1. Scan the range 102-114 and give yes if some residue there is modelled with pLDDT of 95 or more and open to solvent by less than 10 Å² (accessible area, probe 1.4 Å), otherwise no.
2. Which residue pairs have Cβ atoms closer than 7 Å, lie 6 or more positions apart in sequence or on different chains, and pair a first residue in the range 16-32 that is farther than 13 Å from His102 by Cα with a second residue that is open to solvent by less than 60 Å² (accessible area, probe 1.4 Å) and outside any helix (DSSP H, G or I)?
3. Going through the range 154-196 one residue at a time, which ones are out of contact with any helix residue (DSSP H, G or I) (no Cβ under 8 Å at 6 or more places or on another chain), charged (D, E, K, R) and farther than 27 Å from Arg113 by Cα?
4. If a residue has to be hydrophobic (A, V, I, L, M, F, W, C) and closer than 17 Å to Val12 by Cβ to count, how many in the range 83-110 make the cut?
5. What about Arg88, is it under 27 Å from Ala50 (Cβ atoms), open to solvent by 60 Å² or more (accessible area, probe 1.4 Å), touching a helix residue (DSSP H, G or I) at 6+ places or on another chain (Cβ under 9 Å) and touching a residue at least 40 places away in the same chain (Cβ under 8 Å)?
6. How many of the residues making up the range 203-220 are open to solvent by 70 Å² or more (accessible area, probe 1.4 Å) and of a type outside the set (Phe, Trp, Tyr)?
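The values are calculated or read from the model by the stated rules, or taken from the named source; none is laboratory data. Bear in mind the structure is a predicted one, so any value in this text is a computation, not a measurement. Heads up, the Cβs are rebuilt from the backbone with ideal geometry, glycines too, and the neighbour counts pull from every protein chain shown. With ligands, DNA and RNA removed, areas are computed over all heavy atoms of the protein, side chains included. Shrake-Rupley method; radii C 1.70, N 1.55, O 1.52, S 1.80 Å.
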Amino acid sequence: MESLRRQIEKQVHSLTGASLGVLDLDQPRGDAGLFGPESMVWKVHADFTAMMVGGISALLLQMLHPLALAGVWDHSTFRQDMLGRLRRTSLFIAGTTYGGLHDAEQLIDKVRRIHLQVVGSAPDGRPYAASDPELLTWVHVSEVSQFLAGYLRYVDPQLAVAEQDRYYREVALIAERLGAQEVPKSRQAISDYLEHMRAQLLCDERTREVVRLLYAAPMPNILARPFGNLMMQAGVDLLPDWASDLLGEHQATWRRPLIRSSVHRTATLLRWAIRNSAAQRARRRLSPHL
């Protein structure tokens, strides 16, 4: 059983920023980072399965914005290196959530510098810039709303609205440090923002290509392929109905309970296997006796 546990954890780490070996979450001792262990951000971002489902769902939602899609399409290597994109995104989230203060701030500064280089024109002729405060707000809201949706579905469906609002207030710090403005900071404000943005969203050939690439994303080994397929299906299932309708990703009603029960079983297995997640390492950094 111990061998199985180690093997599962190794496969999980191969999908995350941990495999890049550039972030030491064990140091510096006593450094609580940007949020600290009592924060809702630490709580919501702790479960690997919920975050994986939420992250896939967030990417699908983000790509419905033509300018966000244009920036990724023109400047990202995701089409050639989907796994690399996943790992780098995972590194940023883990580092800003659980890393020491210096590491978190360095990651934010690095992304800000990268954003300054991401400029161009969308196919409809509109200019875009990844540093645009409105675009940064869209990317942020798409991401954190789906992270929380994953947490509510697969970890704690009874999480109080006040705690959900606290999560949104806390995590807005990252978006604001990156340059976003007027970031919504409550469940109601997030809902109102998404409703307001719907008129600007569309699904075109590029969007459908992103969906196709996500379904076909290469996994580091053959054992991870069924997991990747399940996470993709669960990511689509997690989307607001209007977003999955816009994408044309219609799942039969009878399939959804099967997807969710499969994710719950997978999550139980991974929680048993993973002993050195970013959250666990950060807690040990603050409480070495754990």
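1. Within the range 102-114, one or more residues are modelled with pLDDT of 95 or more and open to solvent by less than 10 Å² (accessible area, probe 1.4 Å).
2. Going by the 7 Å Cβ cut-off, the qualifying pairs are Gly17/Leu23.
3. Listed by number, the residues that qualify are Asp156, Asp192, Glu195.
4. Step one: filter the range 83-110 for residues hydrophobic (A, V, I, L, M, F, W, C), giving 83, 86, 91-94, 101, 104, 107-108.
Going one step further and asking which of them are closer than 17 Å to Val12 by Cβ, we end up with 83, 86, 91, 93-94.
Total meeting the criteria: 5.
5. Values: under 27 Å from Ala50 (Cβ atoms): yes; open to solvent by 60 Å² or more (accessible area, probe 1.4 Å): yes; touching a helix residue (DSSP H, G or I) at 6+ places or on another chain (Cβ under 9 Å): yes; touching a residue at least 40 places away in the same chain (Cβ under 8 Å): yes.
Spelling it out, Arg88 is indeed under 27 Å from Ala50 (Cβ atoms), open to solvent by 60 Å² or more (accessible area, probe 1.4 Å), touching a helix residue (DSSP H, G or I) at 6+ places or on another chain (Cβ under 9 Å) and touching a residue at least 40 places away in the same chain (Cβ under 8 Å).
6. Filtering the range 203-220 for residues open to solvent by 70 Å² or more (accessible area, probe 1.4 Å) gives 205, 208, 212, 215, 218.
Then drop every residue that is not of a type outside the set (Phe, Trp, Tyr), which leaves 205, 208, 212, 218.
Total satisfying the criteria: 4.
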